[in-house]
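This report refers to the structure that appears directly beneath it.
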Amino acid sequence: MKVKRFFAANMSQAMKQVRDELGPEASIIGNRRVVGGIELTAALDYEPARVTPPTPGLDRELKKTREQMVTARARLDAGERSSDSPVVNRQMFGDSMREAAESGSTEARDFLARLQQEATEPYVAPLAKPAKAPEAYSEQASSSASDSAGMQAMKAELAGLRDLLEVQLGSMAWGQINQQQPKQAGLWRKLTQLGLPAELSQQLMTKVADISDQRQAWRLLLAHLAHSLPVAEADLVDKGGVIALVGPTGAGKTTTLGKLAARYVLKHGSQHVALVTMDTYRIGAHEQLRTLGRILNVPVRVVDEQNNLSEVLADFADKRLVLVDTAGMHGDDPELRSQLNELAQQGRRVQPLLVLPATSQYRVLKAAWHSYKRCNLVGCVLTKVDEAATLGEGLGLAMEVGLPLAYLADGQRIPDDISKAVGHKLVSRAVSLASEETPADATMADVFAGILNSQRAG
């Protein structure tokens with residue numbers, strides 16, 4: 001027998017390690033949550049050892065006792081008792097204890113009788129001993145802490161078992177589709193190659209469930225995807241106004257601002273444009289914007305302790321377009337909340353665009369949306385498309401939260417590498433970026449496990 005431990009960030013990755021190293025015949029003999037993820041103990045050719053030789057009569061008694069314990073546990077709080085049954089202190093034992101004793105052995109009934117006798121005897125309180133009181137409180141606190149730790153351990157074990165069950169059910173669901181509906185399985189693989197979230201792929205698959213021809217079904221899937229993508233109807237920069245670029249650190253906000261400003265200057269001239277930066281935290285951030293302002297011949301102002309955003313925008317009231325750069329911070333940073341609140345206070349006067357890097361995972365993109373949605377976002381910009389392996393994560397987020405896609409940035413050149421978002425062009429770009437490598441069965445099993453997890457969380 002071969003036994004090995006596996007460590008991973010989640011249950012899906014741990015199960016994949018078990019399958020890759022020990023094969024599908026391996027048995028999971030233990031799991032627990034550890035710092036940083038999950039620990040699985042797996043064995044190959046594992047046969048549970050029996051402590052005692054098998055005895056048919058004993059096995060029957062054990063099985064009967066287990067059934068009685070399950071029944072007793074289920075009816076622990078029922079509160080019903082027949083008139084001909086012995087009187088039991090319900091507060092201490094409950095009806096389930098009585099039922100278990102009545103249906104069990106003579107020793108169990110005798111044990112219950114002794115407990116009843118002790119429970120009904122008059123209780124004599126012991127004399128108070130002040131010197132012992134602190135110890136009693138200490139013992140009680142220690143007992144409570146022990147019970148709490150035991151509950152936490154039980155919850156962690158149950159969570160691990162639940163994750164393990166979801167992984168196994170996901171593998172079974174994918175195996176059934178792969179064997180019984182190979183054409184549907186092929187479409188599932190293609191959608192996964194695009195990087196689309198599992199829930200969105202499931203919704204799209206329901207739209208082509210009755211189409212037998214795989215090529216036609218694939219074309220319809222892409223058409224539904226392009227039609228469902230929320231995109232900004234007009235070019236926001238051409239419309240003018242105050243546009244603020246917000247987003248996580250390193251998303252490309254300043255570069256995108258430079259591209260949008262240069263496009264507008266080339267089309268309408270520099271006299272109608274102004275640049276504003278709220279980024280006073282990053283070293284040299286405002287100097288970078290001032291350099292851009294000198295190149296484009298447009299004014300630049302900094303929002304700081306002496307000049308708030310309202311005052312700066314009032315000074316630029318005669319400008320047709322004002323582009324505002326912001327600082328990228330962690331979602332829980334108090335300075336970020338202050339910055340977003342200042343933008344939100346401007347109401348519809350400011351149009352915030354969320355800048356998201358297409359190279360980030362879906363969960364990272366969604367976390368960024370949760371952090372910045374408080375400033376009344378009007379759209380988003382997908383950047384670093386030229387560096388992304390897939391485009392489905394960004395498209396999936398826009399569809400899930402209903403955030404219109406305004407621009408697509410795919411390079412560092414100013415102002416060339418930016419374009420207005422168009423539904424069918426986005427889908428075409430996503431298909432061209434998709435990997436040619438077919439997702440493995442283990443990957444598809446994880447997709448279906450993710451669907452089960454989302455259904456449970458919802």
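List of remarks:
- Sorting the segments 353-363, 201-211, 9-19 by their residues' average number of neighbouring beta-carbon atoms within 10 angstrom, most packed first, yields 353-363, 9-19, 201-211.
- By the count of other C-beta atoms within 10 Å, a proxy for reagent exposure, E39, E25, E335, E305 are ordered fewest to most as E305, E25, E335, E39.
- Most tightly packed first, judged by the mean number of other beta-carbon atoms within 10 Å of their residues, the peptides 341-347, 320-326 read 320-326, 341-347.
- For the range 236-433, the relative contact order comes to 25 percent (Cα pairs under 8 Å, sequence separation of at least 6).
- Global geometry of the range 390-436, whether rounded, prolate or oblate, following the gyration tensor of its Cα atoms and the 1.5 cut on a/c: oblate
- Estimated dipole of the range 278-430 in Debye, rounded to 20 [Cβ of Lys and Arg +1, of Asp and Glu -1, Cα centre]: 500 debye
- A protection proxy built from the mean count of other Cβ atoms within 10 Å ranks the segments 179-190, 368-379, most packed first, as 368-379, 179-190.
- When each of K183/K207; K267/K319; K384/K425; K16/K425; K319/K384; K183/K420 is checked by Cα-Cα distance, pairs over 26 Å: K16/K425; K319/K384; K183/K420
No value in this document is a laboratory result; all are computed from the given coordinates. Predicted model only: the values in this text are computed from it and were never measured. When we count neighbours, we look across all protein chains shown, and the Cβ atoms used for this are built from the backbone with ideal geometry, even at glycine.
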